[in-house]
């Protein structure tokens, strides 16, 4: 068996202490923004636990002040002149990473401080539980950039907070602070930055002490029940993104963000 912490990663740190492994998103100079290569490593790390019978719980956290600021907008992973057939495949890298996290047999816990924005929020909501510090906040900025939420992640937040709050977050682009995240049930518990990893470890030790076969079967069945409809229909969000990114409203949204102005959108 190859231990997951024996891999070499550029953008992640993967370690294990007894039955608890930790994946640390490690691009603190970029607020752990998720580039194509970063997402590919995250997928690889998540998949590495498939043949690991010793790890019972996986903690996912971010180095530095933030969990993750989301997709790295400076990463040119999909050149405009790339054939559409290949652009569709590369645009699914985030989806692949999220699906790999969801597919981890072991219990997963997001230890979340600071920002979880866009793709960072997708990673956090793909985990089974979220422990947050009082600096934690969530925001889906995609709508303000003229695009939809991708990575098959709309069902994840919907399952946590219901339709109305999902629309406030994803269609309204609202930012929700730590207390709101706790009140809405997104965070399992609140603590301080200083005690965040300790609190996540306490929770991890609880689940690591349970019979692993039963826990992992219960997790899998629960996820299948919660996300069955989403899995059936959310294959389309990549194509929706490619379409919305080609509109004049998308260009207007980018220009408005650049000049810190309210955009004027025409529905085209």
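If you plug the beta carbon distance of residue 223 and residue 268 into 1/(1 + (r/R0)^6) with R0 = 35 Å, you get a FRET efficiency near 0.35. When the Gaussian network model of the chain links Cα atoms closer than 10 Å, the mean-square fluctuations of 131, 57, 176 top out at 176. Springs join every pair of Cα atoms under 10 Å in this Gaussian network model of the chain, and among 142, 43, 174 the largest mean-square fluctuation is at 174. Given C-alpha coordinates of segment 1-100, what is the ratio Rg to Rh with the Kirkwood estimate of Rh? Ratio value, two decimals: 1.01. All Cα-Cα distances of segment 75-230, cut into 5 Å bins from zero to the largest, leave 2, 9, 16, 20, 19, 16, 10, 5, 3, 1, 0 percent in each bin in turn. Cα gyration tensor of segment 164-268, axes a ≥ b ≥ c as square roots of the eigenvalues: rounded (a/c below 1.5), prolate (a/b > b/c) or oblate? Oblate shape, in that a/c is at least 1.5 and b/c is the bigger or equal ratio. Take the Cβ atoms of residue 13 and residue 251, set R0 to 45 Å, and the FRET efficiency comes out at 0.75. In whole percents, the pair-distance distribution calculated for the chain from its alpha-carbon pairs, binned every 5 Å from zero, is 1, 6, 13, 18, 19, 18, 13, 7, 4, 2, 1, 0. Counting Cα-Cα pairs of segment 13-59 in 10 Å increments starting at 0 gives whole-percent bin shares of 25, 50, 23, 2.
A Stokes-Einstein calculation at 4 °C with viscosity 1.567 mPa s, built on the Kirkwood radius of segment 127-187 over Cα pairs, returns a diffusion coefficient of 109 µm²/s. Note on the chain: with a GNM built from Cα contacts shorter than 10 Å, the maximum mean-square fluctuation among 258, 30, 96 falls on 258. Can you pull the percent of Cα pairs in segment 47-148 with separation above 15 Å? Result: 67 percent of Cα pairs exceed 15 Å.
Quick note: the coordinates plus some simple rules give every number you see, no bench work behind them. A quick note: this is a predicted structure, and the numbers were derived from the prediction, not measured. Cβ coordinates were reconstructed from backbone atoms using ideal geometry, including for glycine residues, and neighbour counts include every protein chain displayed.
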